[in-house]
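Below is one structure, written out as C-alpha cells; comments come after it.
The values are calculated or read from the model by the stated rules, or taken from the named source; none is laboratory data. In this text the structure is predicted, and so the values were computed from the model without any measurement. Positions of Cβ are generated from backbone atoms using ideal geometry, with glycine treated the same way; all protein chains shown enter the neighbour counts. The accessibility values were calculated without ligands, DNA or RNA, using every heavy atom of the protein model including side chains. Shrake-Rupley method; radii C 1.70, N 1.55, O 1.52, S 1.80 Å.
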Amino acid sequence: MSKVRATFSLDSDTNARIRQCGSRHRGGASGYIAELVRKDQMREAVAQLEQFHRANPSYAEDSEAELTAAQAEA
C-alpha cells in the first residue's frame, strides 16, 4: 500500500501524546495513528455486524439449516 503525507492541526497536548505513544510504537507516530484508525475500523465493523444480527435474529439458525440441507443433498 502506498503511503501519502498528511498534515493535521492538533492541540499541543494531543500532539505530545501522539509523539509519546509513537516513540514506543514500531512504526513511530504514523504507525501509531494508523493502528488507531485500524482499531476504529474494526469497532465500526463489529458494531455493524451486531446491528445486522439484531435486525436478523434467526440468520445464524437459518444459515445452519441451509448448510445442513445442502450437505444432506450432496
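General observations
- Taking residues in the range 60-74 that are within 20 Å of Leu49 (Cβ to Cβ), and partners anywhere that are surrounded by 10 or more Cβ atoms within 10 Å (Cβ to Cβ) and modelled with pLDDT of 90 or more, the pairs with Cβ atoms closer than 9 Å and at least 6 places apart or on different chains are Ala60/His53; Asp62/Asn56.
- The numbered conditions (1) loosely packed, with under 10 Cβ neighbours inside 10 Å; (2) aromatic (Phe, Trp, Tyr); (3) not in a loop (DSSP other than H, G, I, E, B) are all true for Phe8 except (3).
- Residue, most open to solvent (accessible area, probe 1.4 Å), within the range 32-74, restricted to residues that are more than 9 Å from the chain's Cα centre (by Cα) and among the acidic types (Asp, Glu): Glu73
- Taking the criterion of being among the aliphatic types (A, V, I, L, M) and either open to solvent by 80 Å² or more (accessible area, probe 1.4 Å) or assigned to a loop (DSSP other than H, G, I, E, B) (or both), no residue of the range 21-31 qualifies.
- Any hit, the range 45-59, residues being touching a Cys at 6+ places or on another chain (Cβ under 8 Å), without any contact (Cβ under 8 Å) to a residue 12 or more places away in the chain and part of a helix (DSSP H, G or I): no
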